[in-house]
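The values are calculated or read from the model by the stated rules, or taken from the named source; none is laboratory data. Keep in mind that this is a model prediction, so the values were computed, not measured. Ideal geometry is used to build each Cβ from the backbone, glycine not excepted, and the neighbour counts take in all protein chains shown.
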Amino acid sequence: MKKLIFTWSPPSALCAWQKLDANGNREDAPRTDEPLSELAAQAAGCELIWLAPGQHFLSMTASLPVKSRDKLLRALPYALEEHFAEDPGRLFFALPSSPQGSKTQTIAAEREWLRAALDTLSAEGIQPQRVVPDYLALPRQADGWTVLADAGWLYVRSGPAGGFTLEADTGWALLERRLASLDESERPQAIRLIRGREPYGSGIELDTMTADPELLRDGLFGIAPEGFAQPLAMDLLQGPFKRGSEWRKAAKPWLPAAWALAAVVLLAIVGFSASWVHNAQFDARLDRQVRQLYSQLFPNQEWYGNSTTRRLIRARLSNADGGHENDLLSLLAVLASAAPDNVNIESLSYQAGSLQIRLHAPDVASLDAIRSAISTKSRVPVKIRSVNQTSEGVNGALTLGAGAGS
């Protein structure tokens, strides 16, 4: 799959990006100083990767006698609290993708900063599949470090998930101090030095460097394909920032409509169960399903039997009908008649005769088939609002009813 890697430093409204083909090669020259809205338009059909500014992250190593990932995440703030002037409870700790040994590598970031950055991207219609500190885009050296001086910044990768990014004016001196503080066993056997775009800053004499500096056009974007050819060491979209967590957060405004849809399903099950009383085994299993759904929709309501259940649900559904020509139940019926089994409805929102639908389909053709089926089988207006290609299919948005004409 193609990749679109981009750099962006909040709160700027501009970004830069580079497209890679399915083989990891650069498709064309990088684009710089582009608005975020243009990035969103370019992302279709690509795996979107944000090379987040490395100066906002801190790579560290801790020795902990636990192997469980959950226990490691709970222990890290206490094991590393001496390294922070602020409360470590405000920090987010990420773990590498590969299994750990006796020493645990982690990357720390301010939780609120990362949340605000991802929310800003989401508001622009940008949903990265991966978030990586920019210094981890450099290729890893087996027994050495990689150093890139590019456009006033110094990027250093010192291990599988280790490194840092600093302004070049001060970064060289800090790099020298860092090397001097290491034990002989910890010092890199070699340092690969790369120069991209000027200014480079004032460099130092690196006695472990085994070759002259490499000159590489396009700097970070020029070296990134080599880095991405190696296994990804760290993805920051984990824990509270995992994409599933983002979906749950985004789903909150849609809960009333989701409740109405679940109520329709439950009402159908209740009515269906009454017609199958002749089959005791099937009826018992179906009754358990009805009671389970009922307890979720009415958590504090005692079960009074099928008849009372239908009455309660009908009363609740009557509040969901806005009195418009395209009422909720009619639009749900139209949607149900047109949506095939291989399409997942992600969320629904109903207001003033308009049903907003977000769904996941295998491809664009499946999405268009739903639109065509609705247009053919009913007179209800329907419009495709957006289409976003992902590695697992297509995320789309439809409007059904009154709002489809706008």
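Take the residues in the stretch 1-38 that are among the aliphatic types (A, V, I, L, M) and within 16 Å of the chain's Cα centre (by Cα), then tell me which one is surrounded by the fewest Cβ atoms within 10 Å (Cβ to Cβ).
Across the stretch 1-38, the extreme among qualifying residues is Leu4.
Would you be able to tell me the number of residues in the stretch 352-377 that are without any contact (Cβ under 8 Å) to a residue 40 or more places away in the chain and surrounded by fewer than 20 Cβ atoms within 10 Å (Cβ to Cβ)?
Count: 13.
With surrounded by fewer than 17 Cβ atoms within 10 Å (Cβ to Cβ) and either assigned by TED's automatic domain parsing to the domain that holds Lys2 or in contact with a strand residue (DSSP E or B) (Cβ under 8 Å, 6 or more places away or on another chain) (or both) as the only criterion, which of Gly393, Gly405 stands out?
Values: Gly393 fails: surrounded by fewer than 17 Cβ atoms within 10 Å (Cβ to Cβ).
Exactly one residue qualifies, and that residue is Gly405.
Could you please tell me which pairs satisfy a Cβ distance under 7 Å, a separation of 6+ or placement on different chains, a first residue in the stretch 22-37 that is small (Gly, Ala, Ser), and a second residue that is outside any helix (DSSP H, G or I) and surrounded by 11 or more Cβ atoms within 10 Å (Cβ to Cβ)?
Going by the 7 Å Cβ cut-off, the qualifying pairs are Ala22/Met1; Ala22/Lys2; Gly24/Ala229; Ser37/Glu124.
Check the stretch 37-56 and report whether any residue there is in a loop (DSSP other than H, G, I, E, B), of a type outside the set (D, E, K, R) and in contact with a Phe, Trp or Tyr (Cβ under 6 Å, 6 or more places away or on another chain).
no
Quick one: count up the residues across the stretch 126-167 that are farther than 30 Å from Glu184 by Cα and under 12 Å from the mean Cα position of the chain (by Cα).
Residues flagged as farther than 30 Å from Glu184 by Cα and under 12 Å from the mean Cα position of the chain (by Cα) within the stretch 126-167 amount to 6.
Is it the case that Asp235 is touching a Gly at 6+ places or on another chain (Cβ under 9 Å) and either closer than 23 Å to Gln55 by Cα or modelled with pLDDT of 90 or more (or both)? Explain how you work it out, then say what you get.
Numbers: touching a Gly at 6+ places or on another chain (Cβ under 9 Å): no; either closer than 23 Å to Gln55 by Cα or modelled with pLDDT of 90 or more (or both): yes.
No; evaluated as a whole, the condition is false for this residue.
Can you report the number of residues in the stretch 13-24 which are of a type in the set (Gly, Ala, Ser) and either modelled with pLDDT of 95 or more or not assigned by TED's automatic domain parsing to the domain that holds Leu39 (or both)?
1
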